Structure formats: structure tokens, C-alpha cells
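Read the structure below first, then the notes.
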Amino acid sequence: AEDLSDVPVVSAAFSTMLGEATPPAEGSMALTSAVMKACLVFLVRRHLESSREASIPPALPSDTRLSRAIAAVLDRPAAAHTVATLAREAGMSRSAFSRQFKAATDETPMEFVTRVRLEHARRLLIGTARPVEAIASSIGFRSRSHFSRVFREQFGIDPSAFRRRNGDRPQ
């Protein structure tokens, strides 16, 4: 993966997010979420620009239907997303949506949903003192055990151990 710490936009965004986390103020979570979305747009744009340079067709911006589904997940990560609901959001059949989403993002729609949820959970584990079970429920997992298993698969560590390693303190 490319190191983006020297990119001014990303560097400024991370500084803003860190500033909002210590100590958190009214609206910190909303502002941090908005800044992260802006970073995602910037990084997707950068990826697409490099794809064009490599003569890879930029699938994502040419199909705003996929962008609507991606925005739905980013805006409501805990919603009961399924391939069918995301395809409906995109105005496509499930099979066409799945095929085009995978081609554009190199992951299935549900892999994307899980990744977004886990990133949100990671931020909550670091930035709040909420119990792990409450975080799991708030991001769309039906059980703590399922959440813990998926979190461990993604990050290589149990959510509770992750929190302890990161200071077990709200920032």
C-alpha cells in the first residue's frame, strides 16, 4: 500500500481527526466521520487517476449507481445492508450490481460493508468507553461473538485486547 502520510490533504485530515479526539467535544464524532469520508473521496480519486494512467478503465465514477450504494453504506454503516438492498439503492439487479461492484472495488458488496463497519468499530473502541457488546450492536452485528471473530480476522486481535493495547481510554 502507498504511504500517504506526506500528502497534504490526508495529513491535514488526520491532524483534524486527532485534534477532535483529544479531548472530544460536541460533534467530534460527526466531524471525524465527515473528514474520513472526505479522505475516502480523495483516495478513491487518486486511485482512479492512477488507474487512468495505467489504462485501467475507472469503473466507479462512470457509474453513479455504485456510488449511491457506497454512500448508503458510509452514511449508515449499521443499517441492515444486504446485496439486495444495496442493489435496490443502486437501481440495479442483484447479479449486475454484485458483478459491477466487484469489478469496480475488487471486493464484494458485503466485504465492503463489513470493512466499513469494522473501521467504525475500531474508532469507537479507541474513542469511547462503550462496552464491546454495545459497539457490536451499534454497527450492525447481532452478537458480540460474531463481531469479535470478524474483528479478529480483520485486525489480528480481539476487540477487548485492541482497546487495551490502545490505552482503554476514551480520546
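With a 1.4 Å probe and all protein chains left in place, how much accessible area per residue does segment 66-171 have, in Å²? Display every interim value, and only then the final one.
Numbers: 5470 Å² over 106 residues.
On a per-residue basis, segment 66-171 sits at 52 Å².
Charged side chains reduced to their Cβ positions (Lys and Arg at +1, Asp and Glu at -1) give segment 62-171 a dipole of some 240 debye around its Cα centre.
Label-to-label distance for Arg88 and Ser33 is 2.2 nm, based on points extended 7 Å past Cα in the beta-carbon direction. Here the calculated FRET efficiency for Ala161 and Leu74, from their Cβ-Cβ distance with R0 = 35 Å, stands at 0.80, rounded to the nearest 0.05.
Roll a 1.4 angstrom probe over the protein heavy atoms and tell me the percent of accessible area of segment 54-152 that is carbon or sulfur.
Summing carbon and sulfur atoms, their accessible area is 53 percent of the total for segment 54-152.
The values are calculated or read from the model by the stated rules, or taken from the named source; none is laboratory data. Quick caveat, the model's predicted, so the values are computed rather than measured. With ideal geometry, Cβ positions are generated from the backbone for all residues, glycine too; neighbour counts draw on all protein chains shown. Heads up: the accessible areas ignore ligands, DNA and RNA and are worked out on the full protein's heavy atoms, side chains in. Shrake-Rupley method; radii C 1.70, N 1.55, O 1.52, S 1.80 Å.
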